[in-house]
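Report on one structure; see the data block that follows.
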Amino acid sequence: MIRIIILNGPNLNLLGTREPGIYGNQTLQFIQKRLEEEAATYRIDLDFYQSNHEGKLIDKIHEAYKNGFNGIIINPGAFTHYSYAIRDAISATNIPTIEVHLSNIHAREEFRAKSVIAPVCIGQISGLGVDAYSAALFALHRRFQS
Ligand code: DQA
(Lines give C-alpha, C1' and ligand atoms only; values in the text may rest on other atoms or scores of the structure.)
Protein backbone atom coordinates (compact mmCIF):
# COMPACT_ATOMS: atom_id res chain seq x y z
CA MET A 1 0.00 0.00 0.00
CA ILE A 2 1.20 3.50 -0.86
CA ARG A 3 1.99 5.56 2.22
CA ILE A 4 1.91 9.34 2.22
CA ILE A 5 2.42 11.84 5.02
CA ILE A 6 0.90 15.32 5.05
CA LEU A 7 3.01 17.78 7.03
CA ASN A 8 1.79 21.18 8.16
CA GLY A 9 4.07 23.83 9.60
CA PRO A 10 3.70 26.77 11.97
CA ASN A 11 0.38 28.50 12.65
CA LEU A 12 -1.60 26.06 10.53
CA ASN A 13 -3.06 24.65 13.75
CA LEU A 14 -4.95 27.96 13.91
CA LEU A 15 -6.79 27.42 10.63
CA GLY A 16 -10.47 28.25 10.94
CA THR A 17 -9.81 31.39 12.95
CA ARG A 18 -6.51 32.55 11.41
CA GLU A 19 -7.07 35.33 8.84
CA PRO A 20 -10.10 33.56 7.29
CA GLY A 21 -10.17 36.07 4.41
CA ILE A 22 -6.82 34.61 3.30
CA TYR A 23 -6.86 31.02 4.58
CA GLY A 24 -10.59 30.17 4.66
CA ASN A 25 -12.89 28.97 7.45
CA GLN A 26 -11.94 25.31 7.50
CA THR A 27 -10.03 23.88 10.43
CA LEU A 28 -7.03 21.59 10.07
CA GLN A 29 -9.14 18.78 11.55
CA PHE A 30 -11.71 19.27 8.78
CA ILE A 31 -8.99 19.27 6.13
CA GLN A 32 -7.52 16.09 7.60
CA LYS A 33 -10.90 14.32 7.55
CA ARG A 34 -11.53 15.30 3.95
CA LEU A 35 -8.09 14.09 2.84
CA GLU A 36 -8.48 10.83 4.73
CA GLU A 37 -11.71 10.19 2.82
CA GLU A 38 -10.01 10.93 -0.49
CA ALA A 39 -6.99 8.78 0.41
CA ALA A 40 -9.31 5.86 1.20
CA THR A 41 -10.77 6.01 -2.32
CA TYR A 42 -7.21 5.87 -3.73
CA ARG A 43 -6.29 3.08 -1.27
CA ILE A 44 -3.53 5.31 0.09
CA ASP A 45 -2.43 5.03 3.71
CA LEU A 46 -2.33 8.61 5.04
CA ASP A 47 -0.49 10.11 8.00
CA PHE A 48 -1.07 13.68 9.15
CA TYR A 49 1.21 15.83 11.32
CA GLN A 50 1.37 19.49 12.31
CA SER A 51 4.10 21.27 14.25
CA ASN A 52 5.11 24.83 14.98
CA HIS A 53 8.74 23.69 15.32
CA GLU A 54 11.22 23.37 12.48
CA GLY A 55 13.19 20.51 14.07
CA LYS A 56 10.07 18.44 14.70
CA LEU A 57 9.09 18.72 11.04
CA ILE A 58 12.62 17.63 10.08
CA ASP A 59 12.42 14.66 12.49
CA LYS A 60 9.13 13.63 10.82
CA ILE A 61 10.73 13.75 7.37
CA HIS A 62 13.58 11.52 8.63
CA GLU A 63 11.05 9.18 10.22
CA ALA A 64 9.07 9.00 6.97
CA TYR A 65 12.30 7.97 5.23
CA LYS A 66 13.14 5.31 7.83
CA ASN A 67 9.60 3.94 7.67
CA GLY A 68 9.57 3.74 3.88
CA PHE A 69 6.97 6.37 3.09
CA ASN A 70 6.37 6.86 -0.63
CA GLY A 71 5.50 10.55 -0.70
CA ILE A 72 5.20 13.77 1.28
CA ILE A 73 2.77 16.68 0.94
CA ILE A 74 4.05 19.65 2.90
CA ASN A 75 2.67 23.07 3.72
CA PRO A 76 5.75 24.51 5.44
CA GLY A 77 3.95 27.75 6.43
CA ALA A 78 6.43 30.61 6.82
CA PHE A 79 9.33 28.09 6.83
CA THR A 80 8.70 27.95 3.07
CA HIS A 81 10.53 31.20 2.67
CA TYR A 82 13.69 30.56 4.70
CA SER A 83 14.13 27.02 6.01
CA TYR A 84 17.21 25.61 4.31
CA ALA A 85 17.09 22.87 6.97
CA ILE A 86 13.68 21.57 5.81
CA ARG A 87 14.84 21.85 2.22
CA ASP A 88 17.93 19.77 3.04
CA ALA A 89 15.86 17.14 4.85
CA ILE A 90 13.72 16.68 1.74
CA SER A 91 16.70 16.46 -0.60
CA ALA A 92 18.60 14.18 1.83
CA THR A 93 15.78 11.65 2.00
CA ASN A 94 14.80 12.01 -1.66
CA ILE A 95 11.12 11.24 -0.96
CA PRO A 96 8.90 12.66 -3.75
CA THR A 97 7.44 15.78 -2.13
CA ILE A 98 4.80 18.29 -3.20
CA GLU A 99 4.72 21.74 -1.58
CA VAL A 100 1.24 23.17 -1.06
CA HIS A 101 -0.17 26.52 0.02
CA LEU A 102 -3.73 27.53 0.75
CA SER A 103 -3.10 31.09 -0.44
CA ASN A 104 -1.42 32.13 -3.67
CA ILE A 105 2.06 32.97 -2.39
CA HIS A 106 2.84 34.67 -5.72
CA ALA A 107 0.05 37.21 -5.26
CA ARG A 108 0.90 38.44 -1.76
CA GLU A 109 3.82 40.20 -0.05
CA GLU A 110 7.08 39.98 -1.97
CA PHE A 111 8.81 37.84 0.70
CA ARG A 112 6.22 35.09 0.21
CA ALA A 113 6.83 34.68 -3.50
CA LYS A 114 10.14 32.90 -2.92
CA SER A 115 10.20 29.31 -1.71
CA VAL A 116 13.55 27.82 -0.76
CA ILE A 117 11.85 24.41 -0.55
CA ALA A 118 10.10 24.21 -3.95
CA PRO A 119 13.34 23.49 -5.92
CA VAL A 120 13.74 20.12 -4.14
CA CYS A 121 10.04 19.21 -4.59
CA ILE A 122 8.48 17.50 -7.59
CA GLY A 123 5.93 20.33 -7.71
CA GLN A 124 4.27 23.24 -5.96
CA ILE A 125 0.53 23.94 -5.73
CA SER A 126 -0.41 27.37 -4.44
CA GLY A 127 -3.61 29.34 -4.12
CA LEU A 128 -6.43 26.79 -4.42
CA GLY A 129 -7.34 26.69 -0.75
CA VAL A 130 -7.96 23.19 0.62
CA ASP A 131 -8.07 21.86 -2.95
CA ALA A 132 -4.29 22.39 -3.09
CA TYR A 133 -3.91 19.41 -0.73
CA SER A 134 -6.45 17.36 -2.70
CA ALA A 135 -4.69 18.12 -5.97
CA ALA A 136 -1.35 17.10 -4.46
CA LEU A 137 -2.82 13.84 -3.16
CA PHE A 138 -4.31 13.12 -6.59
CA ALA A 139 -0.97 13.83 -8.27
CA LEU A 140 0.89 11.44 -5.95
CA HIS A 141 -1.83 8.82 -6.43
CA ARG A 142 -1.34 9.07 -10.21
CA ARG A 143 2.42 8.94 -9.85
CA PHE A 144 2.33 5.68 -7.90
CA GLN A 145 -0.58 4.06 -9.73
CA SER A 146 0.65 0.90 -11.39
C1 DQA B 1 1.00 29.50 3.65
C2 DQA B 1 1.66 30.75 3.05
C3 DQA B 1 2.84 31.20 3.89
O4 DQA B 1 3.43 32.36 3.33
C5 DQA B 1 2.39 31.53 5.30
O6 DQA B 1 3.48 31.88 6.10
C7 DQA B 1 1.60 30.42 5.92
C8 DQA B 1 0.61 29.72 5.10
C9 DQA B 1 -0.28 29.09 2.90
O10 DQA B 1 -0.73 27.96 3.09
O11 DQA B 1 -0.84 29.88 2.14
O12 DQA B 1 1.72 30.14 7.11
O13 DQA B 1 1.92 28.42 3.56
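Some observations on this one:
- Whole-Hz couplings from phi, Karplus 6.51/-1.76/1.60, listed for region 54-60; x for Gly and Pro: 4, x, 5, 5, 5, 4, 5
- When the surface is traced with a 1.4 Å probe over the full set of protein chains, residue 18 keeps roughly 50 Å² accessible.
- Computed from backbone phi, the HN-Hα couplings of region 62-73 come to 4, 4, 4, 5, 4, 8, x, 5, 8, x, 10, 10 Hz, rounded to whole numbers (Karplus: 6.51 cos²θ - 1.76 cosθ + 1.60, θ = phi - 60°; Gly and Pro given as x).
- Percent carbon-and-sulfur accessible area, the chain, ignoring ligands, DNA and RNA, probe 1.4 Å: 48 percent
- For region 2-145, the orientation-averaged shadow of the C-alpha convex hull comes to 7.5 nm² (one quarter of the hull surface).
- The residues of the chain present an accessible area of 50 Å² per residue when probed at 1.4 Å with all protein chains retained.
- Part-to-part distance (alpha-carbon centres) for region 1-44 and region 94-146, which is given in Å: 13 Å
- A cut-off of 5 Å between modelled amide H atoms, ignoring neighbours fewer than 5 places along the same chain, links residue 2 with 45.
- Simple Cβ-charge dipole of region 1-101, Lys/Arg +1 and Asp/Glu -1, about Cα centre, in debye nearest 20: 40 debye
The values are calculated or read from the model by the stated rules, or taken from the named source; none is laboratory data. Bear in mind that the values here come from a model prediction, so they are computed numbers and not experimental data. Cβ atoms come from the backbone with ideal geometry, glycine included; neighbour counts cover every protein chain shown. For accessibility, only protein heavy atoms count, side chains too; no ligands or nucleic acids. Shrake-Rupley method; radii C 1.70, N 1.55, O 1.52, S 1.80 Å.
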